[in-house]
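S.K.: A single structure is presented below for examination.
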Amino acid sequence: MEKVMQELGKSLTDQDVNSLAAQHFESQQDLENKWSNELKQSTAIQKQEYQEWVIKLHQDLKNPNNSSLSEEIKVQPNQFRESVEAVGRIYEEQRKLEESFTIHLDCCLLPGAQLKTMHNLRLLRADMLDFCKHKRNHRSGVKLHRLQTALSLYSTSLCGLVLLVDNRINSYSGIKRDFATVCQECTDFHFPRIEEQLEVVQQVALYARTQRRSKLKEAHDSGNQNGGSDDKNKNTERNYLNILPGEFYITRHSNLSEIHVAFHLCVDDNVKSGNITARDPAIMGLRNILKVCCTHDITTISIPLLLVHDMSEEMTIPWCLRRAELVFKCVKGFMMEMASWDGGISRTVQFLVPQSISEEMFYQLSNMLPQIFRVSSTLTLTSKH
């Protein structure tokens with residue numbers, strides 16, 4: 001194509017360029033279709049093999065004396081050492097900062113009646129996708145880890161995380177693309193592929209927008225709309241597949257490392273400003289996400305504390321402190337509300353800050369957390385002897 005463009009206007013015409021571009025597009029489509037079909041075939045084979053493996057494992061557990069998989073499911077000491085050394089190398093490359101707290105919240109359910117609930121809070125400096133990626137350990141170890149994740153799909157202790165995305169429902173850019181890449185690293189044996197889930201989300205969003213536009217049209221016809229709103233309605237109609245800030249969609253997964261549910265929360269550039277309030281769409285989106293966690297047995301949720309995944313120049317120390325204080329206080333209020341939603345179940349909330357944040361800033365945020373939440377006091381037990 002570069003050679004053709006150099007010869008454009010000399011020995012070649014626009015028609016020659018268009019013809020070559022069409023050939024490129026056609027060959028690209030053929031290549032994509034070929035690998036897409038190969039991927040579907042490999043996925044089907046892997047699902048069948050995994051199903052057979054789980055059945056054999058079940059039979060093996062029922063008949064321990066006649067075991068054909070006992071050696072496969074055992075973790076050998078040398079494998080464990082290799083795993084520990086590999087993890088150690090990762091931690092040496094980039095130190096992972098973490099602080100844990102146990103808190104108590106007093107919640108008023110009825111006039112004169114209080115419920116004290118205990119929760120675990122963690123503050124981490126880590127990449128959100130670290131909770132999705134499988135560690136590159138021994139093959140059998142990964143297989144057993146995946147089996148444990150699959151089994152916990154039917155428990156009452158599910159794990160979720162919040163991803164901050166733009167208003168387009170796809171997996172083509174930014175953290176959405178990175179997340180989709182992680183999801184595609186290994187076959188999901190339980191839920192549809194992420195692309196198929198997003199197609200369903202798009203259909204639901206289209207239906208919701210259609211219903212919303214029809215209601216707006218009815219209100220306009222009754223004389224409750226002015227001319228300026230007409231332009232807004234037309235703009236909404238052009239972007240009927242886009243979601244609004246504060247809205248979120250959910251994808252479910254059985255092939256990620258520590259996550260079963262991903263909440264894709266829509267935010268705009270306003271989250272980078274320093275003047276958002278507790279009524280900001282992103283904050284209200286967090287409230288609605290926590291409510292979904294209560295109604296669907298999600299007891300561990302990971303939240304980006306600063307409502308951003310990456311730091312930028314405008315995010316100064318005062319900006320970080322104000323944002324963290326706002327999110328801490330709002331989440332505390334939401335957790336107190338949760339007692340009326342689920343009866344006060346103990347939960348784990350993980351606040352994540354970007355990896356590029358300094359250690360000094362991390363510990364300032366760590367010192368702020370017990371000032372906002374009521375941290376449990378520790379008891380030192382000593383023996384009489």
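The values are calculated or read from the model by the stated rules, or taken from the named source; none is laboratory data. Fair warning: this is a prediction, and the values are worked out from it, not measured in the lab. Note that each Cβ is placed from the backbone with ideal geometry, even for glycine, and that neighbours are counted across all protein chains shown. Please note that ligands, DNA and RNA were not included when accessible areas were found on the heavy atoms of the full protein model with its side chains. Shrake-Rupley method; radii C 1.70, N 1.55, O 1.52, S 1.80 Å.
S.K.: Could you check how many residues of region 298-347 are buried (at least 17 other Cβ atoms within 10 Å of the Cβ) and among the small types (Gly, Ala, Ser)?
M.R.: 4
S.K.: With (1) over 15 Å from the mean Cα position of the chain (by Cα); (2) part of a helix (DSSP H, G or I) as the list, and Glu314 as the residue in question, which single condition is left unmet?
M.R.: With (1) over 15 Å from the mean Cα position of the chain (by Cα); (2) part of a helix (DSSP H, G or I) applied to Glu314, the lone miss is (2).
S.K.: Filter region 1-16 down to the residues that are open to solvent by less than 90 Å² (accessible area, probe 1.4 Å), in a helix (DSSP H, G or I) and out of contact with any Leu (no Cβ under 6 Å at 6 or more places or on another chain) and list them by number.
M.R.: Glu7, Asp16 - these are the residues of region 1-16 that are open to solvent by less than 90 Å² (accessible area, probe 1.4 Å), in a helix (DSSP H, G or I) and out of contact with any Leu (no Cβ under 6 Å at 6 or more places or on another chain).
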